[in-house]
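The structure appears below as C-alpha coordinates.
The values are calculated or read from the model by the stated rules, or taken from the named source; none is laboratory data. Since the model is a prediction, treat every value here as computed from it, not as a measurement. Here the Cβ positions follow ideal geometry from the backbone for every residue, glycine too, while neighbour counts run over all protein chains shown. Protein only, heavy atoms only, side chains kept; ligands, DNA and RNA dropped before computing areas. Shrake-Rupley method; radii C 1.70, N 1.55, O 1.52, S 1.80 Å.
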Amino acid sequence: MIMERTLIKDLKNHVGNTVSISGWVDVRRDQGKMVFFDFRDRTGKVQGVVLPKSEAMIVAKDVRPEDAVSIEGIVNKRPDKNVQADRENGDIELEIKGITVLNGSKTPPYDIMGDTSGIDEEVRLKYRYLDLRNPRMQRNMHIRHDFIRHIRDFLFKNDFIEMETPLLTESTPEGSRDFVVPSRLHPGQFYALPQSPQQYKQLLMTAGFERYFQIARCLRDEDLRADRGFEHSQVDIEMSFMSRDEVMNLIEAMITEVVETMGYSIKQKPFPRITYADAMRTYGSDKFDMRTPAEKDKGILAYAWVIEFPFFEKTDGGGWTFSHNPFSMPLTPEDTKKLMEKRDIESILTSQYDLVCNGFETGGGSIRAHRPEILRAVYDVMGFSKEEIEERVGHMLEAFEFGTPPHGGIALGIERNIMNLANESYLREVQAFPMTRGGKTAVMRAPKPLEKNQLTELGLDIKKKK
Ligand code: ASP
(Lines give C-alpha, C1' and ligand atoms only; values in the text may rest on other atoms or scores of the structure.)
Protein backbone atom coordinates (compact mmCIF):
# COMPACT_ATOMS: atom_id res chain seq x y z
CA MET A 1 0.00 0.00 0.00
CA ILE A 2 1.33 3.43 -0.87
CA MET A 3 1.21 5.72 2.13
CA GLU A 4 0.18 9.33 1.79
CA ARG A 5 3.01 11.82 2.11
CA THR A 6 3.46 13.63 5.42
CA LEU A 7 5.23 16.98 5.34
CA ILE A 8 8.22 17.26 7.64
CA LYS A 9 6.70 20.21 9.51
CA ASP A 10 3.77 18.00 10.51
CA LEU A 11 5.78 15.03 11.81
CA LYS A 12 5.44 16.25 15.40
CA ASN A 13 1.73 15.40 15.23
CA HIS A 14 2.47 11.80 14.28
CA VAL A 15 4.60 10.55 17.18
CA GLY A 16 4.24 6.77 17.43
CA ASN A 17 2.88 6.42 13.89
CA THR A 18 4.41 5.03 10.73
CA VAL A 19 4.59 7.75 8.09
CA SER A 20 6.03 8.40 4.67
CA ILE A 21 8.00 11.55 3.87
CA SER A 22 9.44 12.72 0.54
CA GLY A 23 12.33 15.07 0.01
CA TRP A 24 16.11 15.18 -0.25
CA VAL A 25 18.96 13.73 1.72
CA ASP A 26 20.51 16.75 3.41
CA VAL A 27 23.28 15.02 5.35
CA ARG A 28 24.35 11.42 5.82
CA ARG A 29 26.43 10.27 8.81
CA ASP A 30 27.52 6.67 8.55
CA GLN A 31 28.48 5.34 11.97
CA GLY A 32 29.03 1.77 10.81
CA LYS A 33 26.32 -0.07 12.68
CA MET A 34 23.88 2.77 12.40
CA VAL A 35 23.39 5.36 9.66
CA PHE A 36 21.99 8.80 10.48
CA PHE A 37 20.40 11.13 7.96
CA ASP A 38 18.97 14.58 7.86
CA PHE A 39 16.15 14.83 5.37
CA ARG A 40 14.61 18.01 4.11
CA ASP A 41 11.52 18.99 2.17
CA ARG A 42 10.10 22.43 1.47
CA THR A 43 8.77 22.65 5.02
CA GLY A 44 11.76 21.68 7.14
CA LYS A 45 14.33 19.13 8.22
CA VAL A 46 14.25 16.02 10.37
CA GLN A 47 16.77 13.46 11.52
CA GLY A 48 16.33 9.82 10.59
CA VAL A 49 18.18 6.76 11.76
CA VAL A 50 18.63 3.30 10.31
CA LEU A 51 19.09 0.94 13.26
CA PRO A 52 21.46 -2.08 13.19
CA LYS A 53 19.98 -5.08 11.38
CA SER A 54 17.28 -2.97 9.76
CA GLU A 55 16.20 -4.09 6.30
CA ALA A 56 16.75 -0.52 5.14
CA MET A 57 20.48 -0.80 5.88
CA ILE A 58 21.48 -2.09 2.42
CA VAL A 59 19.91 0.88 0.64
CA ALA A 60 21.05 3.26 3.37
CA LYS A 61 24.69 2.46 2.65
CA ASP A 62 24.22 3.69 -0.94
CA VAL A 63 22.08 6.76 -0.37
CA ARG A 64 23.91 10.04 -0.89
CA PRO A 65 23.35 13.70 -0.11
CA GLU A 66 20.96 15.42 -2.54
CA ASP A 67 19.31 12.18 -3.65
CA ALA A 68 15.55 12.63 -3.98
CA VAL A 69 14.04 10.00 -1.70
CA SER A 70 10.88 8.80 -0.11
CA ILE A 71 11.21 7.39 3.39
CA GLU A 72 8.94 5.20 5.46
CA GLY A 73 9.48 5.17 9.16
CA ILE A 74 8.15 5.51 12.66
CA VAL A 75 8.14 8.93 14.31
CA ASN A 76 9.78 8.49 17.72
CA LYS A 77 10.15 10.97 20.57
CA ARG A 78 13.84 11.20 21.35
CA PRO A 79 14.93 10.24 24.86
CA ASP A 80 15.45 13.39 26.96
CA LYS A 81 19.22 13.13 26.85
CA ASN A 82 19.20 13.17 23.03
CA VAL A 83 16.85 16.12 22.57
CA GLN A 84 18.50 18.91 20.58
CA ALA A 85 16.44 21.87 21.66
CA ASP A 86 18.27 24.28 19.36
CA ARG A 87 17.44 22.23 16.25
CA GLU A 88 14.28 22.11 14.22
CA ASN A 89 12.49 18.85 15.08
CA GLY A 90 15.27 18.23 17.64
CA ASP A 91 12.88 16.31 19.88
CA ILE A 92 11.81 13.69 17.34
CA GLU A 93 13.53 11.23 15.07
CA LEU A 94 12.39 9.02 12.24
CA GLU A 95 13.22 5.35 12.70
CA ILE A 96 13.70 4.41 9.08
CA LYS A 97 12.02 1.24 7.85
CA GLY A 98 12.24 1.73 4.10
CA ILE A 99 14.09 3.99 1.67
CA THR A 100 13.08 4.51 -1.95
CA VAL A 101 15.52 6.47 -4.06
CA LEU A 102 13.28 8.42 -6.44
CA ASN A 103 16.28 9.88 -8.26
CA GLY A 104 19.89 9.81 -7.30
CA SER A 105 22.19 12.82 -7.33
CA LYS A 106 25.70 13.21 -8.60
CA THR A 107 28.02 14.96 -6.18
CA PRO A 108 27.23 18.68 -6.56
CA PRO A 109 30.05 20.71 -8.15
CA TYR A 110 30.52 22.71 -4.93
CA ASP A 111 29.29 22.66 -1.35
CA ILE A 112 25.77 23.89 -2.02
CA MET A 113 24.81 23.91 1.65
CA GLY A 114 27.67 26.15 2.78
CA ASP A 115 28.18 29.84 2.09
CA THR A 116 27.99 29.92 -1.69
CA SER A 117 28.40 33.69 -2.05
CA GLY A 118 32.13 33.36 -2.75
CA ILE A 119 31.85 30.56 -5.35
CA ASP A 120 32.98 31.52 -8.85
CA GLU A 121 29.95 33.18 -10.41
CA GLU A 122 30.02 31.26 -13.72
CA VAL A 123 30.01 27.92 -11.91
CA ARG A 124 27.52 29.05 -9.35
CA LEU A 125 25.01 30.26 -11.93
CA LYS A 126 25.54 27.32 -14.30
CA TYR A 127 24.21 25.16 -11.46
CA ARG A 128 21.80 27.75 -10.12
CA TYR A 129 19.12 25.09 -9.55
CA LEU A 130 21.45 23.54 -6.97
CA ASP A 131 22.56 26.87 -5.59
CA LEU A 132 18.92 27.71 -4.92
CA ARG A 133 18.71 24.68 -2.59
CA ASN A 134 20.99 26.59 -0.22
CA PRO A 135 19.14 27.75 2.93
CA ARG A 136 20.13 31.40 2.43
CA MET A 137 18.84 31.36 -1.13
CA GLN A 138 15.64 29.61 -0.08
CA ARG A 139 15.16 32.26 2.60
CA ASN A 140 15.77 35.14 0.15
CA MET A 141 13.28 33.76 -2.38
CA HIS A 142 10.70 33.43 0.39
CA ILE A 143 11.32 37.01 1.56
CA ARG A 144 10.78 38.13 -2.03
CA HIS A 145 7.58 36.14 -2.29
CA ASP A 146 6.28 37.47 1.05
CA PHE A 147 7.07 41.06 0.12
CA ILE A 148 5.16 40.81 -3.16
CA ARG A 149 2.27 38.92 -1.57
CA HIS A 150 1.79 41.53 1.17
CA ILE A 151 2.00 44.32 -1.39
CA ARG A 152 -0.70 42.63 -3.47
CA ASP A 153 -2.84 42.22 -0.34
CA PHE A 154 -2.52 45.91 0.49
CA LEU A 155 -3.25 47.09 -3.03
CA PHE A 156 -6.25 44.81 -3.51
CA LYS A 157 -7.64 46.05 -0.17
CA ASN A 158 -7.21 49.60 -1.45
CA ASP A 159 -9.14 49.04 -4.65
CA PHE A 160 -6.26 48.65 -7.10
CA ILE A 161 -6.58 46.54 -10.24
CA GLU A 162 -3.67 44.39 -11.42
CA MET A 163 -3.11 44.76 -15.15
CA GLU A 164 -0.45 43.78 -17.66
CA THR A 165 1.13 45.94 -20.33
CA PRO A 166 3.01 44.85 -23.47
CA LEU A 167 6.57 43.54 -23.49
CA LEU A 168 7.00 44.10 -27.21
CA THR A 169 6.66 47.82 -27.48
CA GLU A 170 8.17 51.09 -28.59
CA SER A 171 11.26 52.69 -27.16
CA THR A 172 10.56 54.74 -24.00
CA PRO A 173 12.60 57.71 -22.91
CA GLU A 174 13.61 56.32 -19.48
CA GLY A 175 17.17 57.27 -20.13
CA SER A 176 18.81 53.86 -20.64
CA ARG A 177 19.61 51.86 -23.74
CA ASP A 178 16.79 49.64 -25.04
CA PHE A 179 16.88 45.94 -25.70
CA VAL A 180 15.40 45.46 -29.15
CA VAL A 181 13.64 42.57 -30.85
CA PRO A 182 13.63 42.22 -34.62
CA SER A 183 10.27 41.84 -36.30
CA ARG A 184 9.74 38.93 -38.71
CA LEU A 185 6.53 40.38 -40.13
CA HIS A 186 8.19 43.72 -40.71
CA PRO A 187 11.78 42.93 -41.67
CA GLY A 188 14.20 45.68 -40.78
CA GLN A 189 11.93 46.96 -38.01
CA PHE A 190 12.29 46.44 -34.29
CA TYR A 191 10.32 46.34 -31.09
CA ALA A 192 11.86 47.63 -27.90
CA LEU A 193 11.48 45.77 -24.61
CA PRO A 194 10.05 48.11 -21.96
CA GLN A 195 12.38 49.96 -19.62
CA SER A 196 9.20 50.41 -17.58
CA PRO A 197 5.44 50.45 -18.25
CA GLN A 198 5.45 54.25 -17.78
CA GLN A 199 3.45 55.26 -20.85
CA TYR A 200 1.03 52.37 -20.85
CA LYS A 201 0.23 52.86 -17.18
CA GLN A 202 -0.52 56.52 -17.87
CA LEU A 203 -2.75 55.47 -20.76
CA LEU A 204 -4.61 53.19 -18.33
CA MET A 205 -5.42 56.35 -16.38
CA THR A 206 -6.82 57.87 -19.59
CA ALA A 207 -8.77 54.63 -19.90
CA GLY A 208 -10.46 55.18 -16.54
CA PHE A 209 -8.97 52.44 -14.35
CA GLU A 210 -7.93 55.04 -11.73
CA ARG A 211 -5.88 52.64 -9.59
CA TYR A 212 -3.51 50.32 -11.44
CA PHE A 213 -0.62 48.16 -10.39
CA GLN A 214 1.59 45.54 -11.95
CA ILE A 215 4.52 43.44 -10.83
CA ALA A 216 6.35 44.53 -13.95
CA ARG A 217 9.50 43.27 -15.63
CA CYS A 218 11.75 46.07 -16.83
CA LEU A 219 14.64 45.65 -19.23
CA ARG A 220 17.48 48.08 -19.56
CA ASP A 221 20.68 47.55 -21.46
CA GLU A 222 22.95 49.36 -19.07
CA ASP A 223 26.26 48.72 -17.38
CA LEU A 224 25.88 45.93 -14.85
CA ARG A 225 26.60 46.71 -11.21
CA ALA A 226 26.13 45.04 -7.85
CA ASP A 227 22.59 46.42 -7.57
CA ARG A 228 21.69 46.64 -11.26
CA GLY A 229 21.01 43.94 -13.84
CA PHE A 230 19.61 43.89 -17.37
CA GLU A 231 16.30 42.74 -15.95
CA HIS A 232 14.58 43.82 -12.80
CA SER A 233 11.07 43.78 -11.45
CA GLN A 234 9.16 46.65 -10.03
CA VAL A 235 5.91 47.21 -8.24
CA ASP A 236 4.51 49.63 -10.78
CA ILE A 237 1.65 51.81 -9.55
CA GLU A 238 -0.44 54.64 -11.01
CA MET A 239 -3.40 56.53 -9.57
CA SER A 240 -5.82 59.19 -10.80
CA PHE A 241 -7.09 62.29 -8.99
CA MET A 242 -4.38 62.15 -6.33
CA SER A 243 -2.07 64.89 -5.12
CA ARG A 244 1.63 64.30 -4.61
CA ASP A 245 1.21 64.02 -0.84
CA GLU A 246 -1.73 61.65 -1.17
CA VAL A 247 0.34 59.32 -3.36
CA MET A 248 3.31 59.47 -0.98
CA ASN A 249 1.09 58.84 2.06
CA LEU A 250 -0.54 55.83 0.47
CA ILE A 251 2.80 54.31 -0.59
CA GLU A 252 4.21 55.00 2.86
CA ALA A 253 1.24 53.23 4.46
CA MET A 254 1.78 50.28 2.10
CA ILE A 255 5.50 49.92 2.81
CA THR A 256 4.92 50.30 6.55
CA GLU A 257 2.20 47.66 6.64
CA VAL A 258 4.17 45.26 4.44
CA VAL A 259 7.53 45.35 6.23
CA GLU A 260 6.01 45.48 9.72
CA THR A 261 3.82 42.49 8.92
CA MET A 262 7.03 40.75 7.87
CA GLY A 263 8.55 41.52 11.27
CA TYR A 264 10.89 44.40 10.41
CA SER A 265 11.31 47.66 12.33
CA ILE A 266 11.31 51.10 10.73
CA LYS A 267 13.67 53.75 12.09
CA GLN A 268 11.39 56.76 11.78
CA LYS A 269 7.65 57.15 11.16
CA PRO A 270 6.29 59.04 9.36
CA PHE A 271 9.21 58.75 6.93
CA PRO A 272 11.28 61.95 6.95
CA ARG A 273 10.81 64.10 3.84
CA ILE A 274 14.01 65.77 2.74
CA THR A 275 14.50 68.12 -0.17
CA TYR A 276 17.10 67.19 -2.73
CA ALA A 277 19.09 70.32 -1.82
CA ASP A 278 19.09 69.40 1.91
CA ALA A 279 20.02 65.79 1.16
CA MET A 280 23.01 66.91 -0.89
CA ARG A 281 24.02 69.37 1.84
CA THR A 282 23.61 66.87 4.69
CA TYR A 283 24.65 63.56 3.10
CA GLY A 284 26.39 64.57 -0.11
CA SER A 285 24.04 62.12 -1.87
CA ASP A 286 20.37 61.63 -2.64
CA LYS A 287 20.65 57.91 -1.72
CA PHE A 288 21.71 58.17 1.89
CA ASP A 289 21.82 55.83 4.84
CA MET A 290 20.46 57.27 8.10
CA ARG A 291 21.20 54.23 10.27
CA THR A 292 23.65 54.14 13.14
CA PRO A 293 26.04 51.15 13.15
CA ALA A 294 23.91 49.53 15.90
CA GLU A 295 20.77 49.94 13.76
CA LYS A 296 22.61 48.37 10.83
CA ASP A 297 23.36 45.32 12.96
CA LYS A 298 19.71 45.05 13.96
CA GLY A 299 18.46 45.19 10.36
CA ILE A 300 16.42 48.36 10.96
CA LEU A 301 14.93 49.96 7.84
CA ALA A 302 15.56 53.69 7.52
CA TYR A 303 13.15 55.07 4.92
CA ALA A 304 13.07 58.65 3.74
CA TRP A 305 11.46 60.55 0.92
CA VAL A 306 13.55 62.84 -1.22
CA ILE A 307 11.54 65.60 -2.89
CA GLU A 308 11.97 68.86 -4.78
CA PHE A 309 14.47 67.68 -7.36
CA PRO A 310 15.40 70.01 -10.20
CA PHE A 311 13.30 69.04 -13.23
CA PHE A 312 16.14 69.48 -15.71
CA GLU A 313 19.88 69.06 -15.76
CA LYS A 314 22.46 70.37 -18.20
CA THR A 315 23.68 68.07 -20.95
CA ASP A 316 27.35 67.90 -21.95
CA GLY A 317 26.41 69.82 -25.09
CA GLY A 318 25.03 72.73 -23.03
CA GLY A 319 21.37 71.88 -23.59
CA TRP A 320 18.83 70.47 -21.11
CA THR A 321 17.64 66.99 -20.33
CA PHE A 322 15.22 65.70 -17.68
CA SER A 323 16.74 64.70 -14.34
CA HIS A 324 14.25 61.89 -13.52
CA ASN A 325 11.18 61.54 -15.68
CA PRO A 326 10.11 63.64 -18.65
CA PHE A 327 6.44 62.80 -17.99
CA SER A 328 6.44 64.54 -14.61
CA MET A 329 4.48 67.62 -13.67
CA PRO A 330 6.50 70.56 -12.36
CA LEU A 331 6.12 70.94 -8.59
CA THR A 332 4.15 74.20 -8.24
CA PRO A 333 2.04 76.39 -10.52
CA GLU A 334 4.98 78.81 -10.50
CA ASP A 335 7.29 76.02 -11.75
CA THR A 336 4.78 75.18 -14.48
CA LYS A 337 4.64 78.84 -15.44
CA LYS A 338 8.42 78.97 -15.82
CA LEU A 339 8.32 75.81 -17.94
CA MET A 340 5.61 77.18 -20.21
CA GLU A 341 7.54 80.45 -20.58
CA LYS A 342 10.84 78.54 -20.92
CA ARG A 343 12.66 80.68 -18.42
CA ASP A 344 14.79 80.02 -15.31
CA ILE A 345 15.01 76.41 -16.42
CA GLU A 346 17.59 75.46 -13.80
CA SER A 347 15.25 76.56 -11.00
CA ILE A 348 12.20 74.55 -12.13
CA LEU A 349 11.40 71.84 -9.56
CA THR A 350 9.65 68.57 -10.35
CA SER A 351 6.91 66.75 -8.46
CA GLN A 352 9.24 63.70 -8.41
CA TYR A 353 9.60 61.79 -5.13
CA ASP A 354 12.22 59.14 -4.49
CA LEU A 355 11.95 56.59 -1.71
CA VAL A 356 15.34 55.95 -0.15
CA CYS A 357 16.10 53.13 2.24
CA ASN A 358 19.42 52.14 3.81
CA GLY A 359 21.48 53.84 1.13
CA PHE A 360 19.49 52.62 -1.87
CA GLU A 361 16.99 54.39 -4.07
CA THR A 362 14.22 51.83 -3.61
CA GLY A 363 11.47 53.66 -5.45
CA GLY A 364 10.63 56.73 -7.44
CA GLY A 365 7.67 58.39 -9.08
CA SER A 366 5.89 61.63 -9.71
CA ILE A 367 2.68 63.39 -10.49
CA ARG A 368 2.49 63.51 -14.29
CA ALA A 369 1.90 66.22 -16.81
CA HIS A 370 -1.63 65.30 -17.92
CA ARG A 371 -2.25 68.21 -20.25
CA PRO A 372 -0.58 68.13 -23.68
CA GLU A 373 0.94 71.61 -23.58
CA ILE A 374 2.94 70.80 -20.44
CA LEU A 375 4.51 67.61 -21.81
CA ARG A 376 5.16 69.40 -25.11
CA ALA A 377 6.95 72.19 -23.25
CA VAL A 378 9.24 69.66 -21.51
CA TYR A 379 10.36 68.31 -24.88
CA ASP A 380 10.65 71.83 -26.23
CA VAL A 381 13.06 72.75 -23.44
CA MET A 382 15.08 69.63 -24.21
CA GLY A 383 15.56 70.91 -27.74
CA PHE A 384 13.25 68.56 -29.66
CA SER A 385 11.72 69.87 -32.88
CA LYS A 386 7.96 69.75 -33.46
CA GLU A 387 8.39 66.68 -35.65
CA GLU A 388 10.63 64.94 -33.13
CA ILE A 389 8.13 65.58 -30.35
CA GLU A 390 5.36 64.14 -32.49
CA GLU A 391 7.53 61.10 -33.27
CA ARG A 392 8.45 60.48 -29.61
CA VAL A 393 5.32 61.25 -27.64
CA GLY A 394 2.67 62.18 -30.19
CA HIS A 395 0.49 59.29 -28.99
CA MET A 396 0.65 60.61 -25.39
CA LEU A 397 -0.13 64.16 -26.46
CA GLU A 398 -3.12 62.88 -28.37
CA ALA A 399 -4.39 60.78 -25.43
CA PHE A 400 -4.07 63.84 -23.23
CA GLU A 401 -6.63 65.54 -25.46
CA PHE A 402 -9.31 63.05 -24.43
CA GLY A 403 -9.95 63.93 -20.79
CA THR A 404 -6.92 62.25 -19.28
CA PRO A 405 -7.36 62.85 -15.55
CA PRO A 406 -4.64 64.26 -13.30
CA HIS A 407 -2.59 61.27 -12.21
CA GLY A 408 0.66 60.12 -10.69
CA GLY A 409 2.39 57.02 -9.49
CA ILE A 410 5.54 55.30 -8.48
CA ALA A 411 7.68 52.26 -9.13
CA LEU A 412 9.36 50.35 -6.31
CA GLY A 413 12.38 48.29 -7.29
CA ILE A 414 11.71 44.80 -6.00
CA GLU A 415 15.33 43.63 -5.96
CA ARG A 416 16.61 46.68 -4.11
CA ASN A 417 13.86 46.36 -1.54
CA ILE A 418 14.60 42.67 -1.05
CA MET A 419 18.33 43.34 -0.77
CA ASN A 420 17.53 45.57 2.19
CA LEU A 421 15.15 43.08 3.78
CA ALA A 422 17.50 40.13 3.25
CA ASN A 423 20.60 42.16 4.14
CA GLU A 424 22.30 41.28 0.85
CA SER A 425 24.66 43.47 -1.16
CA TYR A 426 24.23 41.84 -4.58
CA LEU A 427 21.25 41.68 -6.87
CA ARG A 428 22.08 38.07 -7.78
CA GLU A 429 21.29 36.98 -4.21
CA VAL A 430 17.63 38.00 -4.56
CA GLN A 431 16.77 36.90 -8.13
CA ALA A 432 16.16 33.23 -8.91
CA PHE A 433 18.04 33.18 -12.20
CA PRO A 434 20.24 36.29 -12.42
CA MET A 435 22.79 37.00 -15.13
CA THR A 436 26.51 36.83 -14.74
CA ARG A 437 28.41 40.09 -14.58
CA GLY A 438 29.34 39.44 -18.20
CA GLY A 439 25.66 39.43 -19.22
CA LYS A 440 25.23 35.66 -19.70
CA THR A 441 22.10 33.90 -18.54
CA ALA A 442 22.06 31.46 -15.64
CA VAL A 443 21.94 27.74 -16.57
CA MET A 444 20.96 28.42 -20.19
CA ARG A 445 23.40 29.83 -22.68
CA ALA A 446 22.23 33.18 -23.98
CA PRO A 447 23.15 35.32 -25.75
CA LYS A 448 24.14 33.17 -28.70
CA PRO A 449 24.12 33.40 -32.49
CA LEU A 450 20.95 32.77 -34.50
CA GLU A 451 20.68 30.02 -37.09
CA LYS A 452 21.18 31.14 -40.68
CA ASN A 453 17.52 30.54 -41.59
CA GLN A 454 16.35 32.63 -38.63
CA LEU A 455 18.52 35.51 -39.79
CA THR A 456 17.12 35.21 -43.30
CA GLU A 457 13.56 35.18 -42.01
CA LEU A 458 14.26 38.34 -40.00
CA GLY A 459 16.04 40.00 -42.89
CA LEU A 460 19.18 40.38 -40.78
CA ASP A 461 22.81 40.25 -41.82
CA ILE A 462 25.53 39.95 -39.21
CA LYS A 463 28.66 41.95 -39.85
CA LYS A 464 31.86 40.21 -38.84
CA LYS A 465 33.61 42.06 -35.99
CA LYS A 466 36.85 43.55 -37.30
N1 ASP B 1 8.77 54.85 -14.74
C2 ASP B 1 9.57 55.21 -13.59
C3 ASP B 1 10.74 54.25 -13.46
O4 ASP B 1 10.68 53.14 -13.93
C5 ASP B 1 8.80 55.14 -12.31
C6 ASP B 1 7.63 56.04 -12.24
O7 ASP B 1 7.77 57.26 -12.36
O8 ASP B 1 6.52 55.54 -11.99
O9 ASP B 1 11.72 54.58 -12.84
Check your understanding: Scanning for something modelled with pLDDT of 95 or more and within 14 Å of the chain's Cα centre (by Cα), does the stretch 154-171 turn up at least one residue?
Key -> no
Exercise for review: Sort out which residues of the stretch 250-298 are open to solvent by 70 Å² or more (accessible area, probe 1.4 Å) and within 26 Å of residue 348 (Cβ to Cβ), and write them in order of number.
Suggested key: 273, 280, 281, 282, 283, 287
Review point. Is it fair to say residue 460 is open to solvent by 40 Å² or more (accessible area, probe 1.4 Å), aliphatic (A, V, I, L, M), touching a residue at least 40 places away in the same chain (Cβ under 8 Å) and in a loop (DSSP other than H, G, I, E, B)?
Key: yes
Practice item. Check off (1) in contact with a Phe, Trp or Tyr (Cβ under 9 Å, 6 or more places away or on another chain); (2) outside any loop (DSSP other than H, G, I, E, B); (3) farther than 30 Å from residue 459 by Cα for residue 140 and give me the number that stays unchecked. Key: (1)
Point to revise | Set 376, 416, 392: member being buried (at least 17 other Cβ atoms within 10 Å of the Cβ) and within 30 Å of residue 143 (Cα to Cα) | key: 416
Check your understanding: Would you pick out the residues in the stretch 347-389 that are over 30 Å from residue 293 (Cβ atoms) and small (Gly, Ala, Ser)?
Key -> 347, 351, 365, 366, 369, 377, 383, 385
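Against the condition surrounded by 17 or more Cβ atoms within 10 Å (Cβ to Cβ), more than 21 Å from the chain's Cα centre (by Cα), within 16 Å of the ligand (Cβ to nearest atom) and modelled with pLDDT of 95 or more, how does residue 204 come out, does it pass?
For residue 204, the condition - surrounded by 17 or more Cβ atoms within 10 Å (Cβ to Cβ), more than 21 Å from the chain's Cα centre (by Cα), within 16 Å of the ligand (Cβ to nearest atom) and modelled with pLDDT of 95 or more - is met.
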Check your understanding: Taking the stretch 11-48 on its own, how many of its residues are in a strand (DSSP E or B), among the charged types (D, E, K, R) and open to solvent by 50 Å² or more (accessible area, probe 1.4 Å)?
Key -> 4
Review point. Can you pull out the residues in the stretch 171-189 that are more than 25 Å from residue 215 (Cα to Cα) and of a type outside the set (A, V, I, L, M)?
Key: 182, 183, 184, 186, 187, 188, 189
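For residue 231, indicate whether it is crowded, with 21+ Cβ neighbours inside 10 Å, of a type outside the set (Ser, Thr, Tyr) and closer than 20 Å to residue 148 by Cβ.
Against the criterion (crowded, with 21+ Cβ neighbours inside 10 Å, of a type outside the set (Ser, Thr, Tyr) and closer than 20 Å to residue 148 by Cβ), residue 231 does not qualify.
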